[in-house]
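Here, each number is a calculation from the coordinates, and none is a lab measurement. Bear in mind that the values here come from a model prediction, so they are computed numbers and not experimental data. In this analysis, Cβ positions are derived from the backbone assuming ideal geometry, glycine residues included, and neighbour counts consider all displayed protein chains.
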Ligand code: AMP
Ligand code: MN
Ligand code: MN
Ligand code: MN
């Protein structure tokens with residue numbers, strides 16, 4: 001059985017519609033997927049219909065933006081009730097926070113020479129949610145940088161002028177929302193925050209104490225040994241382990257649907273928390 005529990009559709013910053021995403025997941029040989037768009041559950045109903053017709057199991061998901069101290073941290077919620085009032089309220093608050101933040105990012109980028117960038121981001125997003133990837137693309141269009149990667153490196157990445165994260169709710173609050181909606185909170189891509197080992201342990205401890213359920217020990221293609229190392233840290237904290245590609249668009253070799261190693265043998269998979277999935281085996 002192949003399982004991928006982290007991916008994005010065009011309802012956030014992914015390129016494929018929920019339907020096209022599910023079709024690609026089917027082609028990739030996946031059996032179980034979770035759609036985890038940033039701060040929205042808008043794509044879930046469409047993904048569910050598509051998954052039903054393709055014979056795939058869909059787990060309801062979301063990837064919340066949150067804050068741990070001054071650090072921006074992503075928390076995936078899995079298996080949640082998308083109609084939950086707590087979830088709906090939190091999503092509405094995230095959307096409002098996003099608008100505020102995008103206006104701030106836009107005005108900062110305009111000072112650097114970008115033109116009318118907020119309206120152009122609105123147009124580019126075509127009615128769906130705006131995020132930093134949209135601004136990155138427009139900076140390339142304006143000739144301010146050569147690529148999306150360098151847009152993040154120079155202007156939008158951690159610690160740069162367009163990295164605004166103080167509007168996101170504290171990690172603890174987001175974990176509470178996910179639990180109130182009946183879901184499992186998963187600390188997303190822990191290696192991507194570039195924390196020292198001591199800091200990462202502190203983050204994992206706080207996450208666990210606040211009711212977090214799992215650590216994402218596999219996030220797409222990653223250095224060998226990392227998954228096993230992270231699974232050991234998860235075990236130590238009493239967390240389960242999750243895996244996903246963090247797929248956004250075709251062509252990204254590090255983040256292709258279902259393309260990642262098998263769960264390390266020391267991991268306690270997050271799907272062991274769902275009896276109907278545990279019975280099916282694991283990601284091989
Ligand atoms: P936002 O949700 O607006 O905070 O935007 C964050 C998103 O930007 C992430 O989910 C990634 O999809 C993307 N991203 C972050 N860092 C980079 C990077 N260095 N290069 C390309 N995309 C990135
Ligand atoms: Mn993204
Ligand atoms: Mn993320
Ligand atoms: Mn993601």
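Can you order the peptides 59-71, 140-152 by their average number of other Cβ atoms within 10 Å per residue, highest first? Working shown, then result.
Details: 59-71: 21.0, 140-152: 15.3.
Descending mean neighbour count gives 59-71, 140-152.
As a test of the formula, what do you get for the chain when each DSSP H run with n ≥ 4 contributes -39,500 (n - 2.57) and the sum is divided by the residue count, at 222 nm and rounded to the nearest 500 deg cm²/dmol?
Mean residue ellipticity, 222 nm, calculated: -11500 deg cm²/dmol.
What ranking of 263, 1, 7 emerges when the number of other C-beta atoms within 10 Å of each C-beta is taken as an exposure proxy, fewest first? Kindly include the intermediate steps, with their values, before the conclusion.
Values: 263 23, 1 14, 7 28.
Lowest to highest Cβ neighbour count: 1, 263, 7.
Using the Cα gyration tensor of the stretch 212-281, with a ≥ b ≥ c the square roots of its eigenvalues, what is the shape: rounded (a/c below 1.5), prolate (a/b larger than b/c) or oblate (neither)?
Numbers: a/c = 2.14, a/b = 1.40, b/c = 1.53.
Oblate.
How large are Rg and Dmax for the stretch 92-156 when calculated on the C-alpha trace, in angstrom?
For the stretch 92-156, the Cα radius of gyration and maximum Cα-Cα distance read 11.2, 35 Å.
Report, largest value first, the span of the C-alpha coordinates of the stretch 146-191 along each principal axis, in whole Å.
For the stretch 146-191, the Cα spread along each principal axis is 44, 20, 16 Å.
Measure nothing fancy, just the Cα-based angle from helix 85-111's long axis to the longest principal axis of the chain, in degrees from 0 to 90, nearest 10.
In the chain, helix 85-111 runs at an angle near 40 degrees to the longest axis.
Note the angle between two axes, namely the Cα long axis of helix 18-27 and the longest principal axis of the Cα atoms of the chain, as a number of degrees from 0 to 90, rounded to the nearest 10.
Here the helix axis deviates by roughly 50 degrees.
Once fully extended, how much extra length lies between residue 137 and residue 180, figured as 0.36 nm per residue of separation less the alpha-carbon to alpha-carbon distance?
Details: separation 43, 0.36 × 43 = 15.48 nm, distance 3.62 nm.
Length difference between fully extended and current span is 11.9 nm.
In nm, to one decimal, how far is the residue 53 label point from the residue 265 one, both placed 7 Å along Cα→Cβ?
4.3 nm
Expressed as a fraction of 2.2 N^0.38 Å, the rule-of-thumb size for a compact globular protein of N residues, what is the C-alpha radius of gyration of the stretch 156-284? If you can, show how the numbers build up before the last one.
Values: Rg = 15.2 Å, N = 129, 2.2 N^0.38 = 13.9 Å.
Working it through for the stretch 156-284, the quotient is 1.09.
So what's the angle, to the nearest 10 degrees on a 0 to 90 scale, between helix 226-237 and the longest Cα principal axis of the chain?
Compared with the principal axis, the helix lies near 70 degrees.
Subtracting the Cα-Cα distance from 0.36 nm times the residue separation, let me have the gained length for residue 70 to residue 205 in nm, one decimal. Walk me through the numbers before you get to the answer.
Working: separation 135, 0.36 × 135 = 48.60 nm, distance 1.67 nm.
Between residue 70 and residue 205, full extension yields 46.9 nm more.
Based on the Cα coordinates of the chain, what is the per residue volume of their convex hull in Å³?
Working: hull volume 34.0 nm³, N = 284.
About 120 Å³ per residue, rounded to a whole number.
If I stretch the segment between residue 85 and residue 15 completely, what's the gain in nm (0.36 nm per residue apart, minus their alpha carbon distance), one decimal?
Numbers: separation 70, 0.36 × 70 = 25.20 nm, distance 2.86 nm.
That works out to 22.3 nm of additional length.
Calculate, for residue 229 and residue 166, the FRET efficiency according to 1/(1 + (r/R0)^6) with r their C-beta to C-beta distance and R0 41 Å; round to the nearest 0.05. Working shown, then result.
On the way: r = 31 Å, r/R0 = 0.76.
E(calc), rounded to 0.05, equals 0.85.
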